Amino acid sequence: MNPKVALESTVITHGLPQPVNLEIAREMQEAVRAGGAEPLMMAVLAGETQVGLSDTQLEDLAARAEVRKCSLRDLPIIRQTGEYGGTTVSATLFLALRAGIPVFATGGIGGVHRGDAMDISADLPALAQLPGTVVCAGAKSILDLPRTRERLETDGVTVLGWQCDEFPAFYSRESGMAVDQRVESAAEVASMMRERDRLGLKQSILVTVPCPQSAAVPWAEMEDAIADAETAAIAQGIMGKELTPFLLNRLAEATQGRSLAANRALLSNNARVAAQIATAFFEIEA
Ligand code: PSU
Ligand code: MN
């Protein structure tokens, strides 16, 4: 047995443009390995749920045109239809725990969308019901962040700040909102995971890691681009699961790729931190 880190695949299939999506997926896997853990990307290939992809499988998935964005509700469907799927945070968390992998790295979780407070990502109820440890850069800044933060609190999700006091806003390191507890080390997180499990709590622990300083985009610069992208989505009637990929794409264009560079940097960094946490948890459980 060795420490393992689960990785999601929707960010590869829907959140990033081709062909850089493949490069970034490999960077994330490399960052996990460099941290002494084994990366396992969750995905669905021809209707089969996968725990870990070979490099050939990853290459094939990253280059596909027809891939279903799979949240929890899509898993029964895709196993019947035999399609290919990228798994979101909710579906990845479920598959990872089912495979006995508690630590999972992603970019940003889904949450409550702006404008439509009824459009709430399945990521939030999944975090409330599944006891994993999700390493992320906060919630995507295209969301209604205060409502998303409140919902995490209502649901009993433990929100930790990795060497930070503020809940990060994905591309930006600042949000003005607090985390529940600042942590400095992987050992602290591992110990809290063990206490959560001893208590029998069913909620995830969310470890929020700010985007590395060199690649982060200040919140004031992102604000206008996000508002414009939101207006375009409403004008074009983009809704449901199409909304997140649409907004991310608009932002990459509006910021001349800076949002993409930030996304890339934070994904690898989160994978690196997740490997440290997986290793620390593995050691205290041993
Ligand atoms: N963050 C990104 N890119 C993404 C996502 C998050 O930077 O592609 C994906 C994750 O898989 C997340 C999903 O679980 O978007 C949420 O989508 P929705 O809002 O439709 O639930
Ligand atoms: Mn949604």
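Every number here is computed from the coordinates shown, using simple stated rules; none is lab data. Note that the coordinates shown come from a computational prediction; the quantities given were computed from them, not determined experimentally. Here the Cβ is made from the backbone with ideal geometry for all residues, glycine too, and neighbour counts use every protein chain on show.
Just to check your reading of the model, which residue among 50, 29, 57 is more than 12 Å from ligand 1 (Cβ to nearest atom), surrounded by fewer than 18 Cβ atoms within 10 Å (Cβ to Cβ) and among the polar types (S, T, N, Q)?
Just a single option satisfies the conditions, and that option is 57.
Would you call residue 36 in contact with a Ser or Thr (Cβ under 7 Å, 6 or more places away or on another chain), at positive phi and surrounded by fewer than 21 Cβ atoms within 10 Å (Cβ to Cβ)?
yes
Among the aliphatic types (A, V, I, L, M), closer than 15 Å to residue 9 by Cβ, surrounded by fewer than 21 Cβ atoms within 10 Å (Cβ to Cβ) and out of contact with any helix residue (DSSP H, G or I) (no Cβ under 8 Å at 6 or more places or on another chain): is that true of residue 65 in this structure?
no
Take residue 123 and decide whether it is touching a helix residue (DSSP H, G or I) at 6+ places or on another chain (Cβ under 6 Å), surrounded by 21 or more Cβ atoms within 10 Å (Cβ to Cβ), closer than 20 Å to residue 88 by Cβ and charged (D, E, K, R).
Values: touching a helix residue (DSSP H, G or I) at 6+ places or on another chain (Cβ under 6 Å): yes; surrounded by 21 or more Cβ atoms within 10 Å (Cβ to Cβ): yes; closer than 20 Å to residue 88 by Cβ: yes; charged (D, E, K, R): yes.
It is true that residue 123 is touching a helix residue (DSSP H, G or I) at 6+ places or on another chain (Cβ under 6 Å), surrounded by 21 or more Cβ atoms within 10 Å (Cβ to Cβ), closer than 20 Å to residue 88 by Cβ and charged (D, E, K, R).
Any idea which of 92, 10 is in contact with a Ser or Thr (Cβ under 6 Å, 6 or more places away or on another chain) and within 14 Å of ligand 1 (Cβ to nearest atom)?
10
For the subset of the range 69-82 comprising residues that are more than 17 Å from the chain's Cα centre (by Cα) and within 16 Å of ligand 2 (Cβ to nearest atom), which member is surrounded by the most Cβ atoms within 10 Å (Cβ to Cβ)?
74
If you scan the range 146-158, which residues turn out to be more than 21 Å from residue 183 (Cβ to Cβ) and within 16 Å of ligand 2 (Cβ to nearest atom)?
Result: 147, 151.
Please enumerate the residues belonging to the range 183-242 that are out of contact with any helix residue (DSSP H, G or I) (no Cβ under 7 Å at 6 or more places or on another chain), more than 16 Å from ligand 2 (Cβ to nearest atom), touching a residue at least 60 places away in the same chain (Cβ under 8 Å) and not in a helix (DSSP H, G or I).
Those that are out of contact with any helix residue (DSSP H, G or I) (no Cβ under 7 Å at 6 or more places or on another chain), more than 16 Å from ligand 2 (Cβ to nearest atom), touching a residue at least 60 places away in the same chain (Cβ under 8 Å) and not in a helix (DSSP H, G or I): 185, 201, 208, 210.
What number of residues within the range 160-181 satisfy the criterion of being assigned to a strand (DSSP E or B) and under 21 Å from residue 222 (Cβ atoms)?
Matching residues across the range 160-181 total 6.
Does residue 85 qualify as being buried (at least 18 other Cβ atoms within 10 Å of the Cβ), touching a residue at least 24 places away in the same chain (Cβ under 8 Å) and over 26 Å from residue 225 (Cα atoms)?
Spelling it out, residue 85 is indeed buried (at least 18 other Cβ atoms within 10 Å of the Cβ), touching a residue at least 24 places away in the same chain (Cβ under 8 Å) and over 26 Å from residue 225 (Cα atoms).
Please indicate, with yes or no, whether at least one residue in the range 197-204 is over 20 Å from the mean Cα position of the chain (by Cα), under 25 Å from residue 41 (Cα atoms) and not β-branched (Val, Ile, Thr).
Yes, the range 197-204 contains at least one residue that is over 20 Å from the mean Cα position of the chain (by Cα), under 25 Å from residue 41 (Cα atoms) and not β-branched (Val, Ile, Thr).
Being assigned to a strand (DSSP E or B), touching a residue at least 60 places away in the same chain (Cβ under 8 Å) and within 13 Å of ligand 2 (Cβ to nearest atom) is the filter here, so list the residues in the range 100-139 that pass it.
The answer is 109, 113.
Does the range 14-29 hold any residues that are of a type outside the set (Gly, Ala, Ser) and either within 16 Å of ligand 2 (Cβ to nearest atom) or without any contact (Cβ under 8 Å) to a residue 12 or more places away in the chain (or both), and which are they?
Correct list: 14, 23.
Any idea which of (1) part of a strand (DSSP E or B); (2) without any contact (Cβ under 8 Å) to a residue 60 or more places away in the chain is the one residue 90 doesn't satisfy?
Exception for residue 90: condition (1).
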